[in-house]
1. Contact list please: Cβ distance under 7 Å, first residue in region 493-508 and under 20 Å from Ala325 (Cα atoms), second residue within 10 Å of the ligand (Cβ to nearest atom) and not in a strand (DSSP E or B), pairs at least six apart or on different chains.
2. In the set Asp185, Asp209, which member is acidic (Asp, Glu) and within 16 Å of the ligand (Cβ to nearest atom)?
3. Scanning region 570-616 for residues that are among the charged types (D, E, K, R) and loosely packed, with under 14 Cβ neighbours inside 10 Å, which turns out nearest to the ligand (Cβ to nearest atom)?
4. Kindly list, by first and then second residue, each pair from a residue in region 410-427 that is within 20 Å of Asn381 (Cβ to Cβ) to a residue that is among the charged types (D, E, K, R) and modelled with pLDDT of 95 or more, limited to pairs with Cβ atoms under 7 Å and residues at least 6 apart or on different chains.
5. I want to confirm something. Restricting to region 572-596 and keeping residues that are in contact with a Lys or Arg (Cβ under 7 Å, 6 or more places away or on another chain) and not hydrophobic (A, V, I, L, M, F, W, C), which single residue is farthest from Arg337 (Cα to Cα)?
6. Residues that are over 28 Å from the mean Cα position of the chain (by Cα): find the strands (runs of 3 or more DSSP E) completely inside region 274-328 holding 1 or more of those.
7. Surrounded by 12 or more Cβ atoms within 10 Å (Cβ to Cβ) and not polar (S, T, N, Q): does that describe Gly46?
8. Mind telling me which of the residues Leu525, Leu455 ends up being under 21 Å from Leu420 (Cα atoms), in contact (Cβ under 8 Å) with a residue 24 or more places away in the chain and either in contact with a Phe, Trp or Tyr (Cβ under 7 Å, 6 or more places away or on another chain) or among the aliphatic types (A, V, I, L, M) (or both)?
Amino acid sequence: MKAVGPVKKSSVKRSSTILNSHEIKLSFVGIFLLTVISGAQAQQIGLLTNTDGRRTISLDGQWRTIIDPYESGYYDYRYQPNANGYFKDAKPKTKSDLIEYDFDTSESLSVPGDWNSQQERLLFYEGTIWYKKSFAYQRKPNTRLFVYFGAANYLTDVYLNGQKLGRHEGGFTPFNFEITESVRDGDNSLIVKVDNKRRRDAVPTLMTDWWNYGGLTREVKLVETPVTFVSDYFIQLQRGSRDRIAGWVKLNGTQLKQDITVRIPEARISKSFATDANGFARVNFEAGLALWSPENPKLYDVVIESGVDHVEDQIGFRNIESKGAEILLNGKPVFLRGVCIHEEAPFRSGRAYSREDAITLLGWARELGVNFVRLAHYPHNEFMIREADRMGIMVWSEIPVYWTILWDNPGTLENAQNQLGEMIARDKNRAAVIIWSMANETPPGDARLAFLRKLIDHARTLDGTRLISAAMERHYVKDTTTQMIDDPLGEYVDVFGCNEYVGWYDGLPEKADGVDWQTKYQKPLVMTEFGAEAPYGLHGDALTRWTEEYQENVYLHQLAMLKRIPFLRGTCPWLLMDFRSPRRPLPGVQDFYNRKGLISDHGQKKKAFYVMQSFYRELQKHSQN
Ligand code: GCU
């Protein structure tokens, strides 16, 4: 197994801190604290994992907001960054003072939650909104404090008490900042500028087939830790093994050289390892455990202790590999009965973010008969992954390298690598996640191949235990109805993902009857997208577009075609539930929703749902025999 280590610091950029006289007076109180803690803070903190296993204070709820389409809270009229921007949260001190904004009398938005679905007038809004949260805090001895964001779309600048903490880029991965030094006893003002403007050099880029929901879309919380604490860990089965755990534990703080203990009480396992001067310890030990699988999603309580710190997590242990055209789970061939899911909230629309949303969406997927979900096209919230872990549903997790991004742009590559690093950092201990996907429907070409190969290398460096893939395209062999899978990227992935729409974008439903498939690669194929659109309740004959009967017809012909592909090891129809898309305006049919769901956004099952469900029941019966 290749050496794996903690994720390097992600896309968080710190600017110089400006302390005003009032704060200098205040900070004397904390000088002693500072000397101890600043030693600790000198180390890069990276992403705090498993924040649910730590002491936290939620900052969710109503946040004051200022809509700022011209970013006049950030730039002056010369479009230069303004040192007295809205992040100063200034108040008039005299009756003559001129302050042209006031968070505390401004309207509020809910956090977590995208802004587009909270107010009709914000539905199409793309730009900047400022958020303010006041919170009271009492500093504690020997305690460090962090502010953690589950995600914010897209470009986020964070300030505490007028100081810039940093910036994060990417709308679907978590980030955190240490505020031990900048938090005050009493009232604190946390100001967050969120800008969801689309950019050509961004990830994703200008064009997507999903709604660009902006805002503080996931939970925000304060996280308390001891001065030296377990900042990160990777505890999984060694690649290719079903009874050896291999991984690492990383400390952050002042006492870096110490013993750490990994305990699995239920299995009477307790193993100690010494950290090195950087607070890093490799762990490697034998462990005869019940293996995690969809049939038996066994999670163990795992306790990691060091000095005064104690983190508990629920971890499943399973082995996932590919051999030739087979995908092997715990050494046995497995067929991935999947469905694609967007992070769209059931019933209310908007960006899904809660445990309830996850339970509803995965519950519907389970009803369909899945053992696998493709979470498209970006890392979903942690509740989705943790519920999949508990329910025994394998997961394909993807970064939004979607369609045609700027392959030659170094900044775009760094951004994609950071999002990849954060995705892996958060979910690397989740048994449910079996595949990391680098991209979706990207056009073959040298620059693209070089870009995606760098991502694949990065992913393999960070985590050598999971399969690597991407959703790729295919083409017809000239003058035939043979679909050929020969994308050069196929050389570098473990599993070949392929999107096809025979019967919808490509001919009529029965066209699939004459289509056969060939591949250049001795690798498992997962059909990562196929399907058709129909708003729930629109009926007609099987060749009338947009009707449930047409969608059903596509599925019937699709499944017959898919059954004929010898190297097919998974299917993932597009998709579970209708979702909002700015590219779908057709009145009375789409109304800015992509209607390819097997279920409507109001939970109504379409005819095609039952076609897919009986196919999966058949497969399940088959696999049990
Ligand atoms: C594409 C794409 C999806 C999109 C779907 C569609 O293949 O990957 O993001 O929504 O097709 O057209 O419905």
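The values are calculated or read from the model by the stated rules, or taken from the named source; none is laboratory data. Only a predicted model underlies this, so the values are computations on that prediction, with no experimental measurement involved. Cβ sites come from the backbone with ideal geometry, for glycine too, and all protein chains shown count toward neighbours.
1. Between residues of region 493-508 that are under 20 Å from Ala325 (Cα atoms) and residues that are within 10 Å of the ligand (Cβ to nearest atom) and not in a strand (DSSP E or B), the close pairs are Asn499/Glu441; Asn499/Glu473; Glu500/Phe530.
2. Working: Asp185 fails: within 16 Å of the ligand (Cβ to nearest atom).
Checking each option against the conditions leaves just Asp209.
3. Taking region 570-616 as the starting set, the residues that turn out to be among the charged types (D, E, K, R) are 578, 580, 583-584, 591, 595-596, 601, 605-607.
Going one step further and asking which of them are loosely packed, with under 14 Cβ neighbours inside 10 Å, we end up with 583, 591.
Values: Arg583: 8, Asp591: 15 Å.
For region 570-616, the residue satisfying everything is Arg583.
4. Ile424/Asp463; Arg426/Glu382
5. Taking the candidates together, the pick is Gln590.
6. Those strands (runs of 3 or more DSSP E) span 280-286, 300-306.
7. yes
8. Leu455
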